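A.B. asks: Have a look at this one.
The values are calculated or read from the model by the stated rules, or taken from the named source; none is laboratory data. Just so it is clear, the model here is predicted, and its values are computed rather than measured. Because the Cβ atoms are built from the backbone with ideal geometry, glycine has one as well, and the counts that use them run over all protein chains shown. Calculation scope for accessible area: heavy atoms of the full protein, side chains included, ligands and nucleic acids excluded. Shrake-Rupley method; radii C 1.70, N 1.55, O 1.52, S 1.80 Å.
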Amino acid sequence: MPGDQPADLSQTAIDAVVADALGAFAAASTSAELKEARLAHVGERSPLALANRAIGTLPGPERKDAGQRLGAARAAVNAALAEREAGIGAAELTQRLAAERIDVTLPVELAPEGAPHPITALMDLMGDVFVAMGWEIAEGPEAEGEWLNFDALNIGPDHPARGTTDTLFVAPLENHIVLRTHTSPVQIRSMLDRPLPIYVVCPGKVYRADEFDATHVPVFHQIEGLVVDKGISLAHLKGTLDHLARSMFGDGIETRMRPHYFPFTEPSAEVDLKCFVCRGESVGNPDAPCRTCKSQGWIEWGGCGVVNPRVLAACGIDTDTYSGFAFGMGIERTLMFRNNAADMRDMVEGDVRFSRSLKGMAR
Ligand code: DAH
């Protein structure tokens, strides 16, 4: 072991050891290199440490002299090491800060945001128009009893809509369960379940045995309205529809009722919407035709009427005291008009780009 050999404690030897150490520190350019140099030149097995240990073996006067000289040498080496450590530490910090620098002005890639489906958003929006007037939202099941979907609504057993070509039945047939063909059975449920007076809207899915194309889907959505109260007339219905039309399409858009037949209302009407594109100005004006209403000035929107007393009676409501009105319209149709969605297939395919394109429309 080097420590067993008599250490050379001459000033020349000490100077050489110091010079060696200082040279090694200066040559180190990273903290890892400096650590190596430190172990070699001030570590336990370094020449300086060995020399220090050797001092103890010297006779008195020599020991003092060598101790002082070696002390000065070690102080010089430690000071040089500390200085170099500080220098390398600072340089490395600067380097790291530069390497890890973040440009806070760079655009961030955000997680893609979804959007409520436009049909859902529009149903909510239409519901809100009524909730704001104090009406309630009523709901019913999509698989519905045949009696509620047809009979209670005065749609007789021989009505063509009750056949399997128009209506989807839940097997087996003798259970008399259909996928509801309109939201009107929720009228019956509301009259059976709720205390009078009744002011409800019923938004929801409905089903028909239709082919799927640009204007037909076998599953679509309607919103139904029902009021049963004392002294209700067609005038209340007209005012309600006009309010809904203005809320959906803006001021100046009103409705028109065209006589029609529905078994559950008497009198019945189809509701037309004043064309929100030409506002009726294309009528009799060949110079400014309107594609939206085909220059008719009106667009068919839904059905409505005064609730047939037979329907009220089927729900146990006293028809001498109470009367009501009802209406129903398609949500898809409303979305087509209101938001220029031309193809119904877009509404069922679930492509998020369609939802995003109409995001915020419900404002
Ligand atoms: N249920 C009818 C349909 O699906 C729409 C309708 C017409 C609803 C007249 C009503 C109404 O409430 O009074 O075609």
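A.B. asks: Would a scan of segment 333-345 turn up a residue that is touching a strand residue (DSSP E or B) at 6+ places or on another chain (Cβ under 6 Å) and within 16 Å of the ligand (Cβ to nearest atom)?
C.D. replies: Within segment 333-345, the first condition is being touching a strand residue (DSSP E or B) at 6+ places or on another chain (Cβ under 6 Å), and the residues that meet it are none.
Checked segment 333-345: no residue is touching a strand residue (DSSP E or B) at 6+ places or on another chain (Cβ under 6 Å) and within 16 Å of the ligand (Cβ to nearest atom).
A.B. asks: Failed condition for PRO160, given (1) open to solvent by less than 90 Å² (accessible area, probe 1.4 Å); (2) within 16 Å of the ligand (Cβ to nearest atom), with all others met?
C.D. replies: Looking at each condition in turn, PRO160 falls short on (1).
A.B. asks: Right, something else. Any idea which of PRO267, PRO259, PRO263 is out of contact with any Phe, Trp or Tyr (no Cβ under 7 Å at 6 or more places or on another chain) and free of Cβ contacts under 8 Å to residues at least 12 places away in the same chain? Before the answer, list the steps.
C.D. replies: Numbers: PRO267 fails: free of Cβ contacts under 8 Å to residues at least 12 places away in the same chain; PRO263 fails: free of Cβ contacts under 8 Å to residues at least 12 places away in the same chain.
Matching residue, one of PRO267, PRO259, PRO263: PRO259.
A.B. asks: Let me ask something else about it. Go through segment 210-231 and report how many residues are of a type in the set (A, V, I, L, M), open to solvent by less than 40 Å² (accessible area, probe 1.4 Å) and more than 13 Å from the ligand (Cβ to nearest atom). Break it down stepwise before answering.
C.D. replies: Going residue by residue through segment 210-231, those that are of a type in the set (A, V, I, L, M) are 214, 217, 219, 223, 226-228.
From what's left, open to solvent by less than 40 Å² (accessible area, probe 1.4 Å): 214, 217, 223, 226-228.
From the residues that got through so far, the ones that are more than 13 Å from the ligand (Cβ to nearest atom) too are 214, 217.
Of the residues in that region, 2 qualify.
A.B. asks: If you don't mind, another one. How many of the residues in segment 108-137 are over 15 Å from the mean Cα position of the chain (by Cα), loosely packed, with under 14 Cβ neighbours inside 10 Å and among the aliphatic types (A, V, I, L, M)?
C.D. replies: Number satisfying all stated conditions: 4.
A.B. asks: Out of the residues in segment 173-204 meeting the condition of being of a type in the set (D, E, K, R) and farther than 14 Å from ILE137 by Cα, tell me which one is farthest from the ligand (Cβ to nearest atom). So that I can check it myself, show each step before the final result.
C.D. replies: Step one: list which residues in segment 173-204 are of a type in the set (D, E, K, R), which gives 174, 180, 189, 193-194.
So of that shortlist, the ones also farther than 14 Å from ILE137 by Cα come out as 174, 180.
On the way: GLU174: 25, ARG180: 10 Å.
Out of the qualifying residues, it is GLU174.
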